[in-house]
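Below is one structure, written out as structure tokens; the observations come after it.
The values are calculated or read from the model by the stated rules, or taken from the named source; none is laboratory data. All values derive from a computational prediction rather than experimental measurement. Don't worry about glycine lacking a Cβ; one is built from the backbone with ideal geometry, like all the others, and counts go over all protein chains shown.
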Amino acid sequence: MTTRTDESASPIIESRSDLLATFAGGEKPREQWRIGTEHEKFVYRTADHRAPSYDEPGGIRDLLLGLTEFGWEPVVEHGNVIALTGSDGTISLEPAGQFELSGAALDNLHQTCAEAGRHLSQVKAVGERLGIGFLGLGMWPDKARSDLPIMPKGRYQIMLNYMPKVGSLGLDMMLRTCTIQTNLDYSSEADMVRKFRVGLALQPVATALFANSPLTEAKPNGFLSFRSHIWEDTDRDRTGMLPFVFEDGFGYERYCDYALDVPMYFVFRDGNYIDVAGESFHAFIDGRLPQLPGEKPTLADWTDHLSTIFPEVRLKSFLEMRGADGGPWSRICALPALWVGLLYDDQALDAAWDLVKDWTIEEREELRRVVPRLALKAPVPGGGDVRDLARTVLDIAAGGLTRRARLNSAGDNESGFLEPLKEIVASGETPADRLLDRFFGEWQGDISRIYSEMSF
């Protein structure tokens, strides 16, 4: 989740145009389009597989401080280091200590993969000294909520208090899941709309290809991506497939209306998070927020609010693709390859839209509902299954990456980063399927094997 790293003064929102300017301000010419990749991982003690607390010796705080030797600068909240900033982006903490790199905005996927490699090398080097390891999965395979620590970030306590009021699985989302996300640019409102629609319609394909959360508390949970299923009962006010995105006239105005209607979580003032959970941003604009009577929001407040909305694709000043489970190093590179290949090439974008443009709202919702359980075997509108669709989607993405012609020093384009996904489609087995095969086969139900065989 987003970590506030800039506490400088922000202008007051004077009109609706100020809200819309956040979206319009993200418009960039094609030559300035960049790729931002976020990936989370679970942190555990190598001695006993326990999730370390923030302030224990050799815990999460010491892990953060250890990374400063690589040039990372601490971000402090109430005396606690809760994030790091550097040339490779921001390192931050999810609520139970899941470790996230929100990578820098980069030109090509070769740079993205190099960035991921640097980050993983750094955390492993510090982790080895501290007796800490890292797992790339979509959900803790063996931890109950009560097994997990809470990080000392003010916004998380507000969310932990609010989540049980609006859904039954929100605490699992916060405490027990990890994801890989990709952030991408657009050139205009019309370009944003095209990319949003394709990204949203095909998000279940990404969920299926990256499905990697079939185990909960050391037992199969009945899903291949339980992480994805969790979002169905987290908070319906701020999650889902957003049917209005496919309606005529969709654009910045309609997304702004949606965001304004999403209840607030907090307001950040003077280094503190003020609990306004459930309150209306409309009321805030009118100076009627009960906790801050007469006070009007700033643009930073609006940016914060946009970061607390969690649909399958999210609009800020860029588009976030949010449907994938966490995974190993190769799939960290594969997710942005999928979306860059589809969305950063006009021919690919048109071909991808042709695949999904005739789907009804009900068909899109049904696909989203069944994919967490069935993954590649889920039926798709018009016939066939997600495996068939994924094969076509990957061919389109490979063409897009080839035409982009971003080459490394060996002369390779970016399409090679799709190979882990092509292998999944060829085999018909998701990462979750393979985890279950091991669990029932060679592991004989011994979940501890996951730490020796699935760590970074």
* Conditions (1) free of Cβ contacts under 8 Å to residues at least 60 places away in the same chain; (2) over 24 Å from D147 (Cβ atoms): number failed by I35 -> (1)
* To do: Output the number of the condition that A348 fails; it satisfies all remaining conditions of (1) more than 20 Å from G103 (Cα to Cα); (2) outside any helix (DSSP H, G or I); (3) not charged (D, E, K, R).
  => (2)
* To do: Only one of these is in contact with a Leu (Cβ under 9 Å, 6 or more places away or on another chain), touching a residue at least 40 places away in the same chain (Cβ under 8 Å), more than 29 Å from F99 (Cα to Cα) and crowded, with 16+ Cβ neighbours inside 10 Å: I396, I332. Name it.
  => I396
* In region 122-151, the residues that are over 19 Å from D55 (Cβ atoms), assigned to a strand (DSSP E or B) and of a type in the set (A, V, I, L, M) -> L135, M139
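Please find, among L101, L106, L93, the residue that is under 24 Å from the mean Cα position of the chain (by Cα), surrounded by 17 or more Cβ atoms within 10 Å (Cβ to Cβ) and farther than 30 Å from Y252 by Cα.
On the way: L101 fails: farther than 30 Å from Y252 by Cα; L106 fails: farther than 30 Å from Y252 by Cα.
When all the criteria are applied, what remains is L93.
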* **Pairs, first farther than 17 Å from G59 by Cα in region 115-138, second among the aromatic types (F, W, Y) and modelled with pLDDT under 95, C-beta under 8 Å, six or more apart** => A116/W329; G117/W329; L120/W329; G136/W329
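Looking at E217, E232, which one is acidic (D, E), in contact with a Lys or Arg (Cβ under 8 Å, 6 or more places away or on another chain), closer than 20 Å to A51 by Cβ and in contact (Cβ under 8 Å) with a residue 40 or more places away in the chain?
Working: E232 fails: closer than 20 Å to A51 by Cβ.
Sole residue among the options that is acidic (D, E), in contact with a Lys or Arg (Cβ under 8 Å, 6 or more places away or on another chain), closer than 20 Å to A51 by Cβ and in contact (Cβ under 8 Å) with a residue 40 or more places away in the chain: E217.
Condition check ((1) under 18 Å from the mean Cα position of the chain (by Cα); (2) among the hydroxyl-bearing types (S, T, Y); (3) surrounded by fewer than 23 Cβ atoms within 10 Å (Cβ to Cβ)) across all residues:
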position	(1), (2), (3)
S146	no, yes, yes
N183	yes, no, yes
M192	no, no, no
T207	yes, yes, no
N221	no, no, yes
R227	yes, no, no
